[in-house]
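Data block below; observations after.
The values are calculated or read from the model by the stated rules, or taken from the named source; none is laboratory data. Keep in mind that what you see is a predicted model, and the values were worked out from it rather than measured. Cβ coordinates were reconstructed from backbone atoms using ideal geometry, including for glycine residues, and neighbour counts include every protein chain displayed. The accessibility values were calculated without ligands, DNA or RNA, using every heavy atom of the protein model including side chains. Shrake-Rupley method; radii C 1.70, N 1.55, O 1.52, S 1.80 Å.
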Amino acid sequence: EDQLALIDKREGRSFIRISADLGWRGPLHFGMLGMILMAYLESREVRRILQKDKLKAYTPFSITDEGAFSLKLEHIRNQGYVIEKGEAIEGIVGIAAPIRDFSCQVIAALGIVLTNNQARNGTNGYIELMKKSCEKISRELGEHA
């Protein structure tokens, strides 16, 4: 239905927790998870979705220009993950990667949310953890890289 849907979550053990309700739905382009899903769509599908649901400024860092958004999606495809810095929720850094099915199609995204303070200590370890987790889930779904 051209929407982002949260179907599962795990809360961290940190004193500060960022929460979202299971079943939450939002624009497909919203945040790190939406950007991952849209990055692997054909460009005509991206245009169709953005015509239906325009980019919005959720924070001062949100991308609202379709050209800039398309460049970001290309960058995500090239690196295989996204780091989203306060574009959906100010003060929050999101790292996400794609999950693929048996046919290698991206069917979901997995992400981790950090505060700016947590991310200051570096994100490389989180990126690797996210990529490895998504690769493992994809293998379990029968994806053949």
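Largest GNM mean-square fluctuation among Leu33, Leu55, Leu41, using the chain with Cα springs under 10 Å: Leu41.
Determine the per residue accessible area of the chain with all protein chains present and a 1.4 angstrom probe, expressed in square angstrom. Normalised by residue count, the accessible surface of the chain is 63 Å².
Of the GluC sites (Glu not before Pro) in the range 1-86, the ones in a loop by DSSP (not H, G, I, E or B) with at most 13 other beta carbons within 10 Å are Glu1, Glu11, Glu42. Across the chain, the longest run free of exposed loop sites, meaning trypsin sites (Lys or Arg not before Pro) lying outside DSSP classes H, G, I, E and B with no more than 12 other Cβ atoms within 10 Å, spans 57-145. Considering helices alone, the calculated mean residue ellipticity of the chain at 222 nm is -11500 deg cm²/dmol, with DSSP H runs of length four and up weighted by -39500 (n - 2.57) and normalised per residue. If you take the Cα centroid of the range 91-142 and the Cα centroid of the range 41-66, the two points sit 22 Å apart.
Across the range 37-43, computed HN-Hα scalar couplings (Karplus, 6.51 cos²θ - 1.76 cosθ + 1.60, θ = phi - 60°) run 4, 6, 4, 9, 8, 5, 4 Hz from first to last residue, x flagging Gly and Pro. The chymotrypsin sites (Phe, Trp or Tyr not before Pro) of the range 1-93 that meet both conditions, a loop assignment by DSSP and at most 10 other Cβ atoms within 10 Å of the site Cβ, are Phe15. My understanding is that a pair violates if its Cα-Cα distance is over 20 Å; which of Lys9/Lys136; Lys9/Lys54; Lys85/Lys131; Lys9/Lys56; Lys56/Lys132 do that in this structure? Result: Lys9/Lys54; Lys9/Lys56; Lys56/Lys132 exceed 20 Å. Since only Ile92, Leu110, Gly122 are under comparison, the one whose Cα sits farthest along the positive direction of the charge dipole of the range 54-145, derived from C-beta charges on Lys, Arg, Asp and Glu, is Gly122.
Which net charge results for the neighbourhood of Gln51, defined as the other residues with beta-carbon distances under 12 angstrom from its beta-carbon, given Lys and Arg at +1 and Asp and Glu at -1? Result for the local shell: +1. Heavy atoms only, probe 1.4 Å: what % of the accessible area of the chain goes to carbon and sulfur, would you let me know? Answer for the chain: carbon and sulfur cover 52 percent of the accessible area. Normalised by the residues of the range 12-145, what does the relative contact order come to in percent, with Cα pairs under 8 Å and at least six apart? Computed value for the range 12-145: 22 percent relative contact order. Which of (1) 0.94; (2) 1.88; (3) 0.99 is the computed Rg/Rh (Cα atoms, Kirkwood Rh) for the structure on display? Identified label for the calculated read-out: (1).
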